[in-house]
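A short write-up of the structure that comes next.
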Amino acid sequence: MAALRRSARSARSTRFTPVFDPDFGDRALTVARHDIVIGRWQGVRDLLRETGEDWARRTHRVRLLAHAAAGSSAVESWRAAEPDSPDAAVLRAATEVVRIFDTAIAAGRGTVVDRGRVDATVDACLRAAEAAPADPMPWVSLLSVARLYEGGVTRRQLRQWFDELRHRDPYNTEGHAQVMRYLSARWHGTHGAMYDFARDAAGVAPPGSPLPVLVQVARVEEYRYIADGALGRGPVRGFDQHWKHELAVDELRRTHQRWIGGREQCAEVAPEEVPDLNYLAHAACYAGQVEVAREVLGMLGTRAAWVPWAYTGEPEEQFTRFREGLGLGAV
């Protein structure tokens, strides 16, 4: 009997538990974000300096640092101490974008954000672009804040900002995702425009690029839009096939082939890949594509992201259930 109890305790202790780390395993970023919380900016400066021109890693880090800085004055202290620092200008612009989105969320969907406030945020992004002319991040920030203009921006303006991004980093996943969301039915476009953009981007991405996962991100965006519209009125007809109809499955397989098939087989999963891999794993699980799901969840190990799992249920429960269903044990 005692042996059975020990066995049960052992099974509970070794049961798989996903880790929802906001930095996705980027330990240096975690330290820098902690510095921001306690009012220090020097660690942030050093982190961005050592990141250099690894644009995917830099975009990942600046975005998450901006979320940490939005509730403090750390980035303003850095700007005051080093007014000529390009990195400080880039982070300040990204932080202003987070702050204005926080304001828009607090005001409630459908509330128009003050035009002057949006213009001021755009100006901060343009100043950052001047300070750091090679850096794609100010253009990612601009493509993000464009959504908050009532009625959007002109097609020419959006194209100009997008071209500036691609000139610096042609396959920047985050920048493409911001344009895709701008073109979605949730913001200033349609489902069709959103999918067209995502598919075009996927079609020109080189092997090994995560850019094809935009098609799966678009499918989640459509799910959110329809689910929000159906709230309180029962299920949407045909919605059970959203993830598993023929086109959805074909596109999932193409993304897997172009991205995962094009990666170096033994390459370690970088922190900036974790959010996109969660989108791919989520799509594979809900499409019932066992081999793809097993491979991608195996690559992730314990590294889970709240999005997109939070849109379809309780994230930890889903992540764990699908892993167990695929026979993947504790990590």
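The values are calculated or read from the model by the stated rules, or taken from the named source; none is laboratory data. Just so it is clear, the model here is predicted, and its values are computed rather than measured. Every residue, glycine among them, receives a Cβ derived from its backbone with ideal geometry; neighbour counts consider all protein chains shown. For the accessible areas, the whole protein counts, side chains as well, though only heavy atoms, and no ligand, DNA or RNA atoms are used. Shrake-Rupley method; radii C 1.70, N 1.55, O 1.52, S 1.80 Å.
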*Subtracting the Cα-Cα distance from 0.36 nm times the residue separation, let me have the gained length for residue 126 to residue 321 in nm, one decimal.*
65.7 nm
*Taking the Cα centre of the chain as origin, sum charge times position over the Cβ atoms of Lys and Arg (+1) and Asp and Glu (-1), and report the length of that vector in debye to the nearest 20.*
940 debye
*Return the ratio Rg/(2.2 N^0.38 Å) for the chain, where Rg is computed over Cα atoms only.*
1.05
*In the chain, with Lys and Arg counted as +1 and Asp and Glu as -1 at Cβ, which of these residues, 139, 86, 267, has the Cα nearest the positive end of the dipole, that is, farthest along it?*
267
*asked:* Given points 7 Å out from each Cα along the Cα-Cβ axis, report the residue 265 to residue 310 separation in nanometres with one decimal.
replied: 3.8 nm
*Between region 135-204 and region 295-331, the alpha-carbon center distance in angstrom*: 29 Å
*Based solely on C-alpha atoms, express the radius of gyration and the Dmax of region 40-162 in angstrom.*
14.2, 41
_So if a site counts as exposed when it's one of the trypsin sites (Lys or Arg not before Pro), its DSSP state isn't H, G, I, E or B, and it has at most 11 other Cβ atoms within 10 Å, what's the longest stretch of the chain without one?_
110-232
*If you roll a 1.4 Å probe over the chain with all protein chains in place, what percent of the accessible area is carbon or sulfur?*
52 percent
*Keeping every protein chain in place, order 260, 226, 105 by accessible area at 1.4 Å, biggest value first, i.e. largest first.*
105, 226, 260
*Mind checking the log10 I(q)/I(0) for region 142-202 at q = 0.21, 0.23 Å⁻¹? Debye, one equal scatterer per Cα, no solvent, two decimals.*
-0.78, -0.94
_Using only the Cα atoms of region 183-229, what are the Rg and Dmax in Å?_
11.2, 37
_Report the Cα-based extents of region 29-76 along its three principal axes, largest first, to the nearest Å._
27, 19, 17
*Compute the length gained on full extension between residue 119 and residue 187: take 0.36 nm times their separation in residues and subtract their Cα-Cα distance, giving the result in nm to one decimal.*
22.7 nm
